[in-house]
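Written below as structure tokens is the structure these notes are about.
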Amino acid sequence: MAKPNPRKKPCPDGLLLLGATLFVLLLLWTLCSTRFHLTLFFHSYFSGRINKTSSDGLPGPPDRTFYDDPELSYSIEKPMKNWDEKRRKWLQLHPSLAAGVQDRILLVTGSQPSPCKNRIGDHLLLRAFKNKVDYCRIHGHDILYSNAHLHPKMDSYWAKLPIIRASMVAHPEIEWVWWVDADAIFTDMEFKLPMEKYKNHNLVVHGWPNMVYGDKENKSWTGLNAGSLLIRNCQWSMDMINEWAKMGPISENYENWGKILKSTFMDKPFPLPDDQSSLIYKLFTEKERWGEKTYLEWEYELEAYWVGVVEGYEEVREEYKEMEEEEGGLRRRHAEKESAWYGGKREEYMRRKGVRKKRAFVTHFTGCQPCNGEHNPSYDGEKCWKEMERALNFGDNQVIRNYGFIHRDLHSSAVSLLPYDYPWFDLY
Ligand code: MN
């Protein structure tokens, strides 16, 4: 006799399913109608768990901080008040993140929100970003890339101010924001910023005091370069950015500022205000307020104008090769994490031997505009893009060497396996 097949029972399962569905719907309706808020339930359940698991560090203690203040604004148009106090309190609540805060740097860089017009623009920007990521990994810095205009009017060279300000708010655990332009490339991967020098300053920028503060009659808008600058995460910087931005496109006096700057800097090529000449103007017109806390660095290339640098790459490479042929310790293979230690050894050697041809720390392709491709017409044809590739390969050689490879020819991104004990055993 055939067994009755339970799956063939016509109705009871269907009825059961219908009943269960109705029951669930009824329950949900009851919960909603009694204003019992499900999301609130889940929220309190999970935040209760966070409270239990964390007294410090991540994801955060339950204590209220400046982040809970609805009045606090991330907008470049709203001044930040009592930032030092807000930040100090937050650090007190996060002792594990407060430890070592004075040495912590966040490198911030970025580009425009839309695709590049230049055919190889996005490729160049990607490689320039990789170059910065490499430098930051080697030196233990955090890095942030922004491709948004955080204020619709603050575009082009003004876009950095809102992102620097927002970064300071988002990262109370970092002491310095280091803005580096997309078109600036690290060409000495070992060089370490001499932060000890800047302990009494809040802004560090590549520039020359005599050009910024002296020569009142004949001022140049290139007395400093704002493409690579360090700014301390503090109230002074919040105020500085606030004042600085008021000369930019958000200002009602924007065009008027342009006239003032144009008449101050005879060599300024365009009529509207740019961030760089605005900064110089601020420094020398309010020297006590801003200049005293600004360190104009000229002893090394916090950024270096590419013309005059790129031609020397091969010669510099030869100089470093000779150094390593002579000093065996410098050519040893080592882990990437040991790079800073070897960098220190190399510095020591160069001081001892008086090596003159040093690698530029940062090569800055000012005037090239790799993304839109509208480079300064005084540069020949494709020179900008070719030289950027060479700078990228020059910097990259110092990175991929620790992975066992090298770009033999700086014009080409192709790599070769690096012989053991290079350069004692050469590539050729
Ligand atoms: Mn630049």
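FYI, it's all coordinate maths here, none of it is from the lab. Predicted model, so just to flag it, every value in this text is computed and none were measured. Positions of Cβ are generated from backbone atoms using ideal geometry, with glycine treated the same way; all protein chains shown enter the neighbour counts.
Compared with the direct C-alpha span, the chain from His334 to Arg351 gains 3.9 nm at full extension, assuming 0.36 nm per residue. Summary value for the stretch 72-302: 24 percent relative contact order, contacts being C-alpha pairs under 8 angstrom separated by 6+ residues. Of the residues Leu283, Leu107, Leu193, the one that moves most in a GNM of the chain with alpha-carbon contacts below 10 Å is Leu193.
Cα to Cα, under 22 Å, and not fewer than 8 places away if on the same chain: which lysines meet these conditions relative to Lys192? Leaving aside lysines fewer than 8 places away in the same chain, those within reach of Lys192 are Lys130, Lys132, Lys293, Lys321, Lys337, Lys345, Lys353, Lys357, Lys358.
Estimated purely from DSSP H runs of n ≥ 4, each contributing -39500 (n - 2.57), the mean residue ellipticity at 222 nm for the chain is -12500 deg cm²/dmol once divided by its residues.
Using Cα atoms only, what is the angle between the long axis of helix 275-285 and the major principal axis of the chain, expressed in degrees (0 to 90) to the nearest 10? Around 70 degrees separate the two axes. Partners of Lys89 within straight-line reach, counting aspartates and glutamates whose Cα lies under 19 Å from its Cα and excluding those fewer than 8 residues away in the same chain: Asp56, Asp63, Asp68, Asp69, Glu71, Asp103, Glu173, Glu175. Past 30 Å, Cα to Cα, is the threshold; run Lys268/Lys383; Lys199/Lys383; Lys153/Lys268; Lys160/Lys216 against it and keep the listed order. In this structure, Lys199/Lys383 exceed 30 Å between Cα atoms. With respect to the chain, whose longest principal axis is taken over its alpha-carbon atoms, helix 38-53 is tilted by about 60°. Shown here for the stretch 194-232: trypsin sites (Lys or Arg not before Pro) in loop regions (DSSP other than H, G, I, E, B) with at most 11 other Cβ atoms within 10 Å, namely Lys199, Lys216. If R0 is 25 Å, what FRET efficiency do you get for Asp155 and Lys293 from their C-beta distance, rounded to 0.05? Once the sixth-power term is evaluated, E becomes 0.35. Normalising the average separation of contacting C-alpha pairs (under 8 angstrom, six or more residues apart) by the number of residues puts the relative contact order of the chain at 17 percent.
Peptides 108-120, 128-140, 160-172, 179-191 ranked from most to least packed give 179-191, 160-172, 128-140, 108-120, packing being the mean of other C-beta atoms within 10 angstrom over each peptide's residues. Using the alpha-carbon atoms, what tilt in degrees (0 to 90, nearest 10) does helix 339-353 show relative to the longest principal axis of the chain? Value to nearest ten degrees: 10. Of all aspartates and glutamates in the structure, those lying under 13 Å Cα to Cα from Lys219, and not within fewer than 8 positions of it along the same chain, are Asp267.
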